[in-house]
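The values are calculated or read from the model by the stated rules, or taken from the named source; none is laboratory data. Treat the numbers as computed from the prediction; the structure is a model and nothing was measured. All Cβ positions, glycine included, derive from the backbone under ideal geometry; neighbour counts span all protein chains shown. Side chains included, ligands, DNA and RNA excluded: accessible areas come from the protein's heavy atoms. Shrake-Rupley method; radii C 1.70, N 1.55, O 1.52, S 1.80 Å.
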Amino acid sequence: MDYLKYILGKILRNPARALMSGLKVISEFRMDRRIGVSTFRRDFHPPASATGDSRPCQPAPYSLLRAVERHIQDHAFPLDSFVDVGCGAGRPMAYFSRLAFKRVVGIEINPDVAGQARRNMEGIKTAWRRAENLEVLIGDVLASDLDFTGSIVFLSNPFGRATMLAFSRKL
């Protein structure tokens, strides 16, 4: 119900922007279907974290993922490992699974959202997926023993300043 109020408020405040937003949602939905996933999860209450600054789950736009993909390809980054920190429902993991990474890993603090990400990883269409190994971990990235050496690390605003500073020291 909170989401419905949120959407109606946006439409009433700025109908033209709401129309553009609606077209974007349709485009994002179609891309989800093309890959074989469902990533339209929006959590308005962030999960608890050690630093208390986790953010609600909101998927990264496919336009951003396409730009990151071009950057990876243009600079010939090695496709050893892709790590999505705060993976949410797994949209970046699913999208980048087509790049033939040896390992694609997501870490998500919210167990319910991580469960959806795991279901999405199982649903990726065979024609899309080229990655060798897809894995979703549940936990706080600051408490994890995940090795980021040689990985492309992706973050789409999963937490605030305190966690970002602590996380940057792990890299």
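List of remarks:
- Dipole moment magnitude, nearest 20 debye, the chain about Cα centre, only Lys, Arg, Asp, Glu C-beta charged: 800
- Proximity of backbone amide H atoms, modeled 1.01 Å from N, is registered between residue 106 and 84, 135, 136, 137 at under 5 Å, excluding neighbours fewer than 5 places apart on the same chain.
- Antiparallel beta bridges, as assigned by DSSP with both residues in the chain, represent about 5 percent of the total such bridges.
- Accessible carbon and sulfur surface of the range 1-107 relative to its total accessible area, %, 1.4 Å: 60
- Alpha-carbon centroids, the range 1-80 and the range 109-161: separation in whole Å: 16
- Candidate lysines - alpha carbon under 25 Å from residue 5, same-chain residues fewer than 8 apart omitted: 24
- Projecting the Cα atoms of 3, 61, 14 onto the charge dipole of the chain, computed from C-beta unit charges around the Cα centre, puts 14 farthest toward the positive end.
- Cα gyration tensor shape of the range 63-131, rounded if a/c is under 1.5, else prolate or oblate by comparing a/b with b/c: prolate
- Set of lysines with alpha-carbon distance to residue 170 below 23 Å, sequence-local pairs under 8 removed: 102
- Solvent-accessible area per residue in the range 1-119 equals 56 Å², computed with a 1.4 angstrom probe and all protein chains kept.
- Taking the Cα centre of the range 98-171 as reference, the dipole from Cβ charges on Lys and Arg (+1) and Asp and Glu (-1) amounts to some 340 debye.
- Each eigenvalue of the Cα gyration tensor of the range 3-123, multiplied by 5 and square-rooted, gives one semi-axis; in descending order these are 26, 20, 13 Å.
- For residue 10, the aspartates and glutamates whose Cα falls under 14 Å of its own Cα, not counting residues fewer than eight places away in the same chain, are 2.
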